[in-house]
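The values are calculated or read from the model by the stated rules, or taken from the named source; none is laboratory data. Quick caveat, the model's predicted, so the values are computed rather than measured. Heads up, the Cβs are rebuilt from the backbone with ideal geometry, glycines too, and the neighbour counts pull from every protein chain shown. Surface accessibility is based on the protein's heavy atoms, side chains included, excluding ligands, DNA and RNA. Shrake-Rupley method; radii C 1.70, N 1.55, O 1.52, S 1.80 Å.
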Amino acid sequence: MNCIYSIGHSNKTVEELIRELRLYGINYLIDVRSMPYSKYQPQFNREQFQAAINKTGDITYVYMGDVIGGLPANSACYTDGKVGYGKIRAMEFFQKGLERLINANNKNIKVCLMCSEGDPHMCHRSKLIGEALLEHDIIVQHICADHSGNITLKSQIDVINELNNGNNVLDLFGGLETFTSRNRYK
């Protein structure tokens, strides 16, 4: 299977994040945050962070939160205030963004999706993007820390199995359950 990486900046420093990206030879960091700003981690605000990444000389920052972000502006992507990832996946803007990732993968370009959430179980990188890429035989490898704090990879399949406690979760109609956001936004 082909591979795209993912990482959450969480409470890391920019230098720690860059070090982790270099461990896996990442060429392009794809920012998938719908709102690429943080009051708690201002060093990850879009303009400042983009400048820091591009200054490395070996990693290029690309913003795609407007097309594959987890909090789209389109109200049709929400049910009772929760984001429905299945709804997002059906949107043309998401399909176009996904196609860009597939094209990069087909060209063997090492890309890494980045959001703020450190735990891939809690982020749209796994529940939305990772699941959509898996349908195209592209597996997401999530860069995260193990219980000892060592940097390791966790596969998309492992993340989803852990989310579902090893079971396929069926919806009311016998199809596999699609994920939603954990919070209400609208």
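Excluding residues fewer than 8 places away in the same chain, name every one of the aspartates and glutamates whose C-alpha is closer than 18 Å to that of residue 55.
In chain and number order, the partners are 15, 16, 20, 31, 47.
Determine the sum of side-chain charges near residue 35: Lys and Arg each +1, Asp and Glu each -1, restricted to other residues whose C-beta is under 12 angstrom from that of residue 35.
Taking every Cβ under 12 Å from that of residue 35, the sum is +1.
Could you work out the Kirkwood radius for the stretch 1-139, taking every pair of different alpha carbons, averaging 1/r and inverting it, reported in Å?
Its Kirkwood hydrodynamic radius stands at 15.2 Å.
Run the numbers for residue 95 and residue 121: contour at 0.36 nm per residue of separation, minus the present Cα-Cα distance, in nm.
Using 0.36 nm per residue and subtracting the Cα-Cα distance, I get 7.1 nm.
Could you do me a favour and compute the accessible area per residue for the chain, 1.4 Å probe, result in Å²?
52 Å²
Compute the angle between helix 14-23 and the longest alpha-carbon principal axis of the chain, please, reported from 0 to 90 degrees and rounded to the nearest 10.
Taking the Cα atoms of the chain, the angle to 14-23 is about 80 degrees.
Sort the following peptides by mean Cβ neighbour count (other Cβ atoms within 10 Å, averaged over residues), highest first: 148-154, 137-143, 121-127.
Put in order of decreasing packing, that is 121-127, 137-143, 148-154.
For the chain, what is the mean residue ellipticity at 222 nm derived from helices alone (per DSSP H run of n ≥ 4: -39500 (n - 2.57); sum divided by total residues; nearest 500 deg cm²/dmol)?
It lands at -8000 deg cm²/dmol.
In terms of Cα to Cα distance under 27 Å, which lysines are near enough to residue 82, apart from those fewer than 8 places away along the same chain?
Here the lysines satisfying the reach criterion relative to residue 82 are 39, 96, 127, 154, 186.
Within 10 Å, count the other beta carbons around each residue, average over each peptide in 58-70, 108-120, 80-92, and list them highest first.
Packing proxy ranking, top to bottom: 108-120, 58-70, 80-92.
Based on the mean of other Cβ atoms within 10 Å per residue, sort peptides 39-50, 2-13 so the most packed one is first. Don't skip to the answer; put the middle values down first.
Values: 39-50: 14.0, 2-13: 18.8.
Ranked by mean Cβ neighbours within 10 Å, highest first: 2-13, 39-50.
Using only alpha carbon pairs under 8 Å that are at least six residues apart, calculate the relative contact order of the chain and give it in whole percent.
Computed over the chain, the figure is 31 percent.
Roughly what angle does helix 92-106 make with the longest principal axis of the chain, taking Cα atoms, 0 to 90 degrees, to the nearest 10?
50 degrees
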